[in-house]
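In what follows, a single structure is set out as structure tokens and then discussed.
The values are calculated or read from the model by the stated rules, or taken from the named source; none is laboratory data. Given the structure is predicted, the values throughout are model-derived calculations rather than measurements. With ideal geometry, Cβ positions are generated from the backbone for all residues, glycine too; neighbour counts draw on all protein chains shown. With ligands, DNA and RNA removed, areas are computed over all heavy atoms of the protein, side chains included. Shrake-Rupley method; radii C 1.70, N 1.55, O 1.52, S 1.80 Å.
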Amino acid sequence: MSPRPVNATDTDIIAMLRDGHSNTRINRELHVDKARVSRIRTQLGLPQHARAGQTRSLEQKWADNTRPTDDGHLEWTGEHAKASGTPIMRHKQGFYSPAALAFEIKHGREPQGYVKAHCGRAHCIAPDHVSDAAGRRQTRLEERARRGMTEIAATCRYGHDLSEHAKFEPDGTLYCGQCNTLNKQVRRDPSLPRRTRPRPATPGESFRLHTEPVDGGHLRWTGYVAHGVPTVCHAGSAYSAYRISFRLHHGREPVGRAMPTCGKDGCLAGDHLADRPMREANRRADKAYAAIFGGAS
Ligand SMILES: [Zn+2]
Ligand SMILES: [Zn+2]
Ligand SMILES: [Zn+2]
């Protein structure tokens, strides 16, 4: 490579920074002041260059302190935090999480949030057995989809926006992360005011507060039942929860009774409900089918 002019432009420096080169290398190649490179790096918000050698020695130290177990996990033989027993690693005045390093070794990127073992063995640091917050969420969403629990309400029962605060248990059950945080604060400081539920503004909101998705894409009623009918009480009036769900899903009032056709008693999933014209249309279709192919379906 031919030597660059002494007065290399910022653009030259930025190009090399974006390619991931160290300040020293840019200084050597472009013959520019290291302080200038460092200043531009800071202005661009680029991380300080981690020397490959440093990364290697970090990984080596990690590997030196691990021991495979007979049943396929990986134990940390180094230091553990006193109270929690969590593995920790000291390296050149810094503290590192061996679990996070295991994650980086496997994925080649920094983890998001806490890294934890998902294999069931506490403090396992096998790179294949650890996941970060993003990975856990993805796995739980897949579990949820597998169980047909696809519906997510717009808000939790305390009115928090679930497009932002929805969290999931390992079995896919949804909970509100904001409520969880607030509950923890109340437990730490019981003098905090207890949260009050906002009053639902419409029968539809009231309906959503009293339903929960269950396996198979069905929707279970958790509210008041009058004469065997799930009933929404709103602003002094009572409504059939079936009718409200039907209206929310189909955008029109049901004709006759709205009833589940999915075979699950009391299911309130909007797309599992049919009204009289829909039932009649289904019967006609069944008859036509029987006439064409013979026999009852
Ligand atoms: Zn494991
Ligand atoms: Zn909430
Ligand atoms: Zn159903």
Quick one: angle between helix 52-64 and the longest Cα principal axis of the chain, in degrees between 0 and 90, rounded to 10, please.
70
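Counting Lys and Arg as +1 and Asp and Glu as -1, each charge on the Cβ, what is the dipole of the range 203-281 about the Cα centre in debye, to the nearest 20? Numbers along the way, then the final one.
Working: 9 positive and 8 negative charges, 35 e Å.
So the magnitude is around 160 debye.
I'd like to compare 131-143, 98-110: which one has the highest average count of other Cβ atoms within 10 Å, and what's the full order after that?
Details: 131-143: 16.2, 98-110: 18.0.
Peptide ranking by packing, descending: 98-110, 131-143.
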For Thr55, placing the label point 7 angstrom along Cα-to-beta-carbon and taking the range 94-120, residues whose amide nitrogen sits under 14 Å are 101-111
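If I compute solvent accessible area with a 1.4 Å probe over the protein chains, what percent of it on the range 214-297 is carbon and sulfur? Let's see the in-between values first.
Numbers: 2750 of 5210 Å².
Here it works out to 53 percent.
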With a sphere of radius 12 Å drawn around the Cβ of Lys61, what net charge do the other residues whose Cβ falls strictly inside it have (Lys, Arg +1; Asp, Glu -1)?
0
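Using the eigenvalues of the Cα gyration tensor, what equivalent ellipsoid semi-axes result for the chain when each is taken as the square root of five times the eigenvalue, whole Å, largest first? Walk me through the intermediate numbers first.
Details: eigenvalues 641, 132, 114 Å².
Computed over the chain, the values are 57, 26, 24 Å.
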Can you tell me the orientation of helix 34-44 relative to the chain, as the angle in degrees between its alpha-carbon axis and the longest Cα principal axis, to the nearest 10?
10
Cα centroid distance between the range 247-261 and the range 60-121, in Å?
54
In degrees rounded to 10, the 0-90 angle between helix 276-293 Cα long axis and the longest Cα principal axis of the chain is 90
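Of the peptides 255-265, 178-188, 26-36, how do they stack up when ordered by the mean number of other Cβ atoms within 10 Å, highest first?
Descending mean neighbour count gives 26-36, 255-265, 178-188.
State the percentage of accessible surface on the range 52-131 attributable to carbon and sulfur atoms; use a 1.4 Å probe and exclude ligands, DNA and RNA.
Numbers: 2510 of 5120 Å².
Result for the range 52-131: 49 percent of the exposed heavy-atom area is carbon or sulfur.
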Dipole check, the chain, charges on Cβ (K,R +1; D,E -1), about Cα centroid: among Thr261, Thr11, Val130 the Cα furthest to the positive pole belongs to Thr11
For Lys61, counting only lysines whose alpha-carbon sits under 25 Å away and dropping same-chain residues fewer than eight positions off, the answer is Lys82, Lys92, Lys106, Lys116
In nm, give the distance between the simple-model label positions of Leu46 and Ser240, each being 7 Å from the Cα along the Cα-to-Cβ direction.
6.8
Once fully extended, how much extra length lies between Glu280 and Phe293, figured as 0.36 nm per residue of separation less the alpha-carbon to alpha-carbon distance?
2.7 nm
